[in-house]
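The next block holds one structure in the form of structure tokens; read it before the comments.
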Amino acid sequence: MPDAPGDNILVTGALGQIGTELVEALREAHGPESVIATDIRESEDHPSATNGPFITLDVLDNSSLTQVCFEHGIGEIYHLAALLSATGERNPELCRKVNIGGTRSVLEAARTCFTRVYSPSSIAVFGPDSPKQAPQDAELNPTTVYGETKVSGEEMAREYLAKFSVDTRGIRYPGLVSYKAPAGGGTTDYAVEIFHAALGSGHYDCFVRSDTRLPMLYMDDAIRATISLMRASSDSLGTSRAGYNISCLSFTAKELAEAISERVEGFTCNFVPDERQAYADSWPDSIDGSIAHREWGWVPEYDLNEMVDAMLRGISGD
Ligand code: NAD
Ligand code: AKB
């Protein structure tokens, strides 16, 4: 067994919406063999599994995770395996098990193998009592189980940093909009599905009200933010490092549908709220990312129009 830590990178949940693009970006930056993609699902044709090493791994299996870290000289773990809000609220026990248990398992492996950890949080940490433009240090009283698991994730990351000096970092991602992989069962999935519907049938039944405003970000910006945070000097990071608010977009479902209608002739959208409306209503409209800007220089590049253009180009294959 080689000594840990090495220079290699391990990604959990690598077949998901973020993993698909993060693995691609990390392999471009570090070389395909340096990035070990893992997921509980097997895959023979997913790019994360075909463009470099792939291992089927349940993140709850701490002994296999630790062994993989040692055997592959891992120095950095990007922990993306989780259940998102809509799936999580349908199965709260599994959500707690995977999200809290999985994060604990990754942090333990990191402690044993001396690796750094990126573990994302979410705007779901905020509850209905937060200001509609949520500050970094708002009280965190989420009303979803998913949000509770994300608050626990931030707490565990702070605990492992303070007690065991594990270098932990995270971002409170807003809803992420991308086309290379399907969205994974969240409340913000409408902002992805709407593009596929517009270019497919030309109609979308949106599952939140037209005036629902949420923080969102195009995936290219999310990947850039993730890698920038992991490259930032540890000395520059303050007490928010387990879950930074970052500057991002903020638009209503109606504004998104209108931006698409301006570009896709004949596109129609109905608003037919379901149980996900309540989760969206419990989250802020926007978030204040000034601390991330000050500490590691975060500035997004895509505005709403640029994101809509990029999504339509990407799905059309232009
Ligand atoms: P996703 O659902 O698309 O992917 C998650 C992956 O984890 C899936 O491929 C799934 O097979 C895998 N997985 C589930 N249980 C596992 C287990 N026990 N062991 C190993 N793998 C397992 O999710 P995503 O959108 O890529 O999100 C990644 C992370 O980012 C999550 O922590 C999520 O909470 C967070 N996040 C995502 C968004 C977003 O809009 N996508 C927003 C905020 C936060
Ligand atoms: C979800 O909707 O569950 C995610 C998130 C904001 O955490 N996209």
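The values are calculated or read from the model by the stated rules, or taken from the named source; none is laboratory data. Because the structure is predicted, anything quoted here is derived from the model rather than measured. In this analysis, Cβ positions are derived from the backbone assuming ideal geometry, glycine residues included, and neighbour counts consider all displayed protein chains.
The figures follow:
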{"item": "Counted residues, the stretch 37-69 - those being among the hydroxyl-bearing types (Ser, Thr, Tyr), within 12 Å of ligand 1 (Cβ to nearest atom) and at pLDDT 95 or above", "result": "4"}
{"item": "Number of the condition not met by Asn91 [criteria: (1) within 16 Å of ligand 2 (Cβ to nearest atom); (2) in contact with a Gly (Cβ under 9 Å, 6 or more places away or on another chain)]", "result": "(2)"}
{"item": "Enumeration of residues in the stretch 293-306 that are within 21 Å of the chain's Cα centre (by Cα) and assigned to a helix (DSSP H, G or I)", "result": "His293, Glu295, Trp296, Leu304, Glu306"}
{"item": "Options Ser247, Ser234, Ser228: the member that is farther than 19 Å from Cys206 by Cα, buried (at least 18 other Cβ atoms within 10 Å of the Cβ) and modelled with pLDDT of 95 or more", "result": "Ser247"}
{"item": "Any pair with Cβ under 6 angstrom, 6 or more apart, that starts in the stretch 294-308 at a residue that is farther than 16 Å from Ala222 by Cβ and ends at one that is part of a helix (DSSP H, G or I)", "result": "Glu295/Ser236; Val308/Ala259"}
{"item": "Among (1) touching a Phe, Trp or Tyr at 6+ places or on another chain (Cβ under 9 Å); (2) free of Cβ contacts under 8 Å to residues at least 24 places away in the same chain - the single one Val177 does not satisfy", "result": "(2)"}
{"item": "Test: residue in the stretch 28-46 that is under 24 Å from Ile223 (Cα atoms), out of contact with any Asp or Glu (no Cβ under 8 Å at 6 or more places or on another chain), crowded, with 17+ Cβ neighbours inside 10 Å and small (Gly, Ala, Ser)", "result": "yes"}
{"item": "Filter result (farther than 15 Å from Leu256 by Cα and either near ligand 1 (Cβ under 6 Å from one of its atoms) or surrounded by fewer than 24 Cβ atoms within 10 Å (Cβ to Cβ) (or both)) within the stretch 172-189", "result": "Tyr173, Tyr179, Lys180, Ala181, Pro182, Ala183, Gly184, Gly185, Gly186"}
{"item": "Of the criteria (1) touching a Gly at 6+ places or on another chain (Cβ under 8 Å); (2) within 12 Å of ligand 2 (Cβ to nearest atom); (3) closer than 15 Å to Gly16 by Cα, which one Ala183 fails", "result": "(1)"}
{"item": "From Arg41, Arg96, Arg104, Arg27, residue being within 16 Å of ligand 2 (Cβ to nearest atom), of a type in the set (Lys, Arg) and either touching a residue at least 24 places away in the same chain (Cβ under 8 Å) or not assigned by TED's automatic domain parsing to the domain that holds Ile123 (or both)", "result": "Arg96"}
{"item": "Residues of the stretch 264-277 satisfying the condition of being loosely packed, with under 15 Cβ neighbours inside 10 Å and either in the same structural domain as Gly170 (by TED's automatic domain parsing) or not polar (S, T, N, Q) (or both)", "result": "Glu265, Gly266, Val272, Asp274, Glu275"}
{"item": "Hits in the stretch 186-213 (condition: away from ligand 2 (no atom under 11 Å from the Cβ), closer than 19 Å to Ser282 by Cβ and charged (D, E, K, R))", "result": "Arg209, Asp211, Arg213"}
{"item": "Any hit, the stretch 126-149, residues being at positive phi, more than 17 Å from the chain's Cα centre (by Cα) and not in a helix (DSSP H, G or I)", "result": "no"}
{"item": "Candidates Val106, Val98, Val166 - the one that is within 24 Å of Leu217 (Cβ to Cβ) and either part of a loop (DSSP other than H, G, I, E, B) or in contact with a strand residue (DSSP E or B) (Cβ under 8 Å, 6 or more places away or on another chain) (or both)", "result": "Val106"}
